[in-house]
Amino acid sequence: MTIRRFHSLFSKEADYIPFLSKDNKEKKYYAQEGVSPAIAIILSQIINYNLHPSIKELYVKAKVYELISLYFNKSQDADIEQCPFLVDEDNVKRIKQAKEIMITRMAEPPTLAQLSEEIGLSLKKLKEGFKQVYGEPVFSFLFEYKMDFARKMLESGEYNVNEVGHRIGYSTSSHFIASFKKKYGTTPKKYLMSLGN
């Protein structure tokens, strides 16, 4: 990539990047450095991409911007805040295992304490690691997953509102309806009617 092209990505922040001088405008830039824990996580997320193919290009582009921003973040304390334990591939596997446990048992999920014991990570490392790998706390992730799962069940036309709510772990349909409305801004019934239209 030419410096000119690269420079265009950073028009507002260019003053903070020392090698983007007039002398270097058309030169190529190479550097060989160690990979920080934060960058290792982003690379892992790109490699383990598990989203719909239609948004792959957008996802990868966003991750590349994230990598570039992390690369130029030379703060002394930056890595301390980025959960260095996650560089350990074993810990990343345990975090992924935690996600699978929450998904497969979404109707009756374990507590965070039970989950940390089951995967063999401390509660602190589970909380920090899950947020680093998946971008949100465990139960926020589970809520989003459950609502997406519920929406797909409703769209299939094979289940009524009560069945969907029960399947994802709501003891009453009113609680499910409230959660669905919180997420999508409409009730499951109105959502189904909008699909019909």
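The values are calculated or read from the model by the stated rules, or taken from the named source; none is laboratory data. Keep in mind the model is a prediction, meaning the values are calculated, not measured. Neighbour counts run over all protein chains shown; Cβ positions are idealised from the backbone, glycine included.
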Taking into account only those residues within the range 22-61 that are loosely packed, with under 11 Cβ neighbours inside 10 Å and either among the small types (Gly, Ala, Ser) or closer than 15 Å to Tyr134 by Cα (or both), which is modelled with the highest pLDDT?
Ser54
Which residues, counting only those in the range 167-183, are over 16 Å from Leu142 (Cβ atoms) and buried (at least 16 other Cβ atoms within 10 Å of the Cβ)?
Ser173, Ile177
Within the range 115-126, does at least one residue satisfy the condition of being under 30 Å from Glu66 (Cβ atoms), loosely packed, with under 15 Cβ neighbours inside 10 Å and in contact (Cβ under 8 Å) with a residue 24 or more places away in the chain?
yes
